[in-house]
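Q: Got a structure for you, questions after.
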Amino acid sequence: MGLTPEKHIRINMTKQIPLRLILVVPFVIQICLAVGLTGYFSLRNGEKAINDVASQLREETSNRIRQQVLVFLDRHYVVNHTIAIAIAEEHIKLTDLQVLQQLFWRLIQQNTTDYLQIGTPQGTSLGVERLQNKKIVSRIGEAANLPNRRIQELDDQGKPSQLLKIQKFDPRNRPWYLAPIKANQPVWSDLYISASFNFSSVAISLSEPIYSKTGKFLGVQNALFRIEKIHEFLKNLKIGRTGQTFIIDRSGNLIVSSVIERPYLIKDQKLTLIPAIKAENPIIHSTAQTVLQKFGDFRNVQGNEQINFSLNGQQQFVQLSVIQDTRGIDWLSVVVIPESDFMAAIQANTRLTIFLCLIALIVAIVLGIYTSQWITQPILHLIQASEAIANGALNQTVEPANVKEMGVLAQVFNKMAQQLRESFTALEQTNEQLEQRVEERTSQLRETLEQLQYSQSQMIQSEKMASLGLLMAGIAHEINNPVNFISGNVIHIKEYTQNLLELVELYQQEFPGDNVAIEDKVADIDLQFLKEDIIKLLSSMEIGTERIQEIVKSLRTFSRLDQLQTQGIDIHEGIESTLLILQHRLKANSDDSAIKLIKEYGNIPLISCYPAQLNQVFLNILVNAIDAIEEFNHNQTDPKIKNHTSCITISTTVINSKWVEVSIADNGPGMPESVQKQIFNPFFTTKPIGKGTGMGMAISHQIITEKHNGEISCFSTPGVGTKFSIRIPIKSF
């Protein structure tokens, strides 16, 4: 059982999409996709940049720590070795403690070290130390006073000024004295408590045995280094916002930390080192645990290593670096930087991106609704007026809309409606006259009346064709390029209008009453279907009109399709429209850097030319220049590209008041002379197969020389660039 026309129309209506929805939804979707993808890739690129920056920062920080610690340690070796040589060469005598005291005082004054001391097999000793309050004291254990030594303050001349204390002391049982004797070479001692006033300072000592020229053991020279100096250095070292660093030995014991002033225990003048794995600081504890899980033992860490781990849901970036010298130092420097130090800005940008997305979405919806109402309101008025005319209410007018094309369409519609009203008025008057004549005259006049009615039918047809011609002329005048798009719909409009006028004609013949013939005609042309289908046609025409506006707006200046003859043209306008089309090729992207555009426009008059063809020449030359620059950059290393700014220079000038010259130059690879000679030959190209036909420059040469009676020249120097010069004669117009 088939569908009736009424049911078919209702089914089609349910499948139609409102024009307002078509205008709003795609626009909103495009905004959401564009902003969403931009935010997503911005976040991903930000995270990648953070990882790179964090890796560089922790590596640079670790290198700086290692270098600074080695500087601290090497300085003590130089001082020790210099003193040992002076004593071995007998330039200084061990028995002359006053001379040694003056020497030690001067070295400490020069900030070479904080504590120098020497001990002999006889138990005598000398130590000069800078205290934390900047005062310098000496500790002298002379043979006459053993096992006691005097602790006295030194004045600004290095001479004793005040006796501070007398203390029992034997250097021969101190770690700094025993270690080099056992190793028979300069060696760093283990960490120990310095025998200062209260045994509260932890230090290591670089000790060197001293032998005479005959090989006799004379004593041990020692330079003390307080570990607190490394702590102060690490404490003042800025590592992100909350980053920290620490140093451990190969057994995993903490030596120094940037956040813990004393990462060890001192009790009863005994030093106890704390393993990093047992540290109360969660970052130190977790870092040590992660290192052991990956390497098994701290001794297995060789060179520089980077690892990451998570603590309380936060990613931690870790850099391990080995600190070694040839005198017994073998430590690990550990730098820890929380990811949160870098993510604050990224998270703020993410929140801002989401906020901007919401704002953009709201603005897009509001603008879409407003735009759809602005566009569809005139169409609805036109539809309502058309339906009213179809129902016999000919006294209809449509207010011109703000949209130019819709305003023209409304004017044409009003003119057509006016002509229809005038035609119906004339027909009514003629019918009244005919009715009077029918009453007065005989059957002979009936034949004349029939001929007159036939003439009336022809007049209606003529009026209909004239009105339709005005409508088509108005649309064709305002919308030239999209005629192929709407021509298919115009045929249907013409056919429906023809049927409508035939119905009006039949209505006039049978006026004023209804009859069966009119009802049959209404059913024959399916008037309801015509009213519904005209809505579809107008919607299709509207979509085509919008598309035409977009195309004409971006390409009309460039294509000049409405200018078939030569006329006065601003050549700068054509150049700018060509550059607009190629803008995406000039900007920087992931593969190519940006191409700098230099414009040197002169004051040139309007010239008589074929603008579309001349713009084609500009396009061919600019595309070749961009291709040459990109190929040249692809063949260079990154540093060379960085130092080489790609650019295209466009200049215009007037030559001898007779010619307009346009020059387009690039700083690409240039061309050899053999290529320059063939550049304007048809089918000659230097591009790979599939990327060029070899006809672009040949066509450009033909357009300039034959169409414009001008000149086009090419000048190129390999390694410097290429320049095209175009000359067009100035003609009156």
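The values are calculated or read from the model by the stated rules, or taken from the named source; none is laboratory data. Because the structure is predicted, anything quoted here is derived from the model rather than measured. Every residue, glycine as well, gets a Cβ built from its backbone with ideal geometry; the counts of neighbours run over all protein chains shown. Heads up: the accessible areas ignore ligands, DNA and RNA and are worked out on the full protein's heavy atoms, side chains in. Shrake-Rupley method; radii C 1.70, N 1.55, O 1.52, S 1.80 Å.
Q: Taking 7 Å along the Cα-to-C-beta vector as the label spot, tell me the residue 59-residue 111 distance in nanometres, rounded to one decimal.
A: Distance between label points: 3.2 nm.
Q: Rounded to the nearest percent, how much of the accessible area of the stretch 291-393 (1.4 Å probe, protein heavy atoms only) is carbon and sulfur?
A: Accessible surface attributable to carbon and sulfur in the stretch 291-393 totals 58 percent.
Q: Give me the distance in nm between label points sitting 7 Å out from Cα along the Cα-to-Cβ direction at residue 132 and residue 98, one decimal.
A: Spacing of the two 7 Å Cα→Cβ label points: 3.4 nm.
Q: OK, next. Considering only Cα-Cα distances, which of the following residue pairs are longer than 21 Å: 235/294; 677/731; 707/731; 168/213?
A: Result: 235/294; 677/731; 168/213 exceed 21 Å.
Q: Additional query: Could you sort 355, 724 by accessible area so the largest value comes first, with the probe set to 1.4 Å?
A: 355, 724
Q: Also, I was wondering about something else. Multiplying the sequence separation of residue 25 and residue 653 by 0.36 nm and subtracting their Cα-Cα distance, what value in nm do you get?
A: 221.2 nm
Q: Please compute the modelled spin-label separation between residue 289 and residue 265, points set 7 Å along Cα→Cβ, answer in nm with one decimal.
A: Result: 2.1 nm between the two label points.
Q: Same structure, new question: Mark the label point 7 Å from the Cα of residue 143 along Cα→Cβ and return the residues of the stretch 204-221 whose backbone N is within less than 20 Å of it.
A: 210-221
Q: Also, quick follow-up: Pull out the extension gain between residue 434 and residue 75, defined as 0.36 nm times the separation in residues minus the alpha carbon to alpha carbon distance; nm, one decimal. Numbers along the way, then the final one.
A: Details: separation 359, 0.36 × 359 = 129.24 nm, distance 13.01 nm.
Value of the extension gain: 116.2 nm.
Q: Quote the charge dipole size of the stretch 574-733 about the Cα centre in Debye, to the nearest 20; the model charges only the Cβ of Lys and Arg (+1) and of Asp and Glu (-1).
A: Here the size comes out at about 220 debye.
Q: Shifting gears a bit: Run the paramagnetic zone check for residue 399: 7 angstrom along Cα to Cβ, then residues of the stretch 352-374 with backbone nitrogen under 18 Å.
A: Only 370-374 fall inside the zone, counting backbone N under 18 Å.
Q: In whole percent, what relative contact order does the stretch 214-364 give with Cα contacts below 8 Å and a gap of six or more residues?
A: Relative contact order comes out at 20 percent.
Q: Of 165/229; 182/216; 93/216; 596/658, which pairs sit farther than 23 Å apart, going by alpha carbon to alpha carbon?
A: As for pairs spanning more than 23 Å Cα to Cα, those are 165/229; 596/658.
Q: Additional query: Work out how much length residue 581 to residue 426 would gain on full extension: take 0.36 nm times their residue separation and subtract the Cα-Cα distance, in nm to one decimal.
A: 50.2 nm
Q: Follow-up question, since we're still on this one. Could you give the distance between the Cα centres of the stretch 214-240 and the stretch 164-183, to the whole Å?
A: 17 Å
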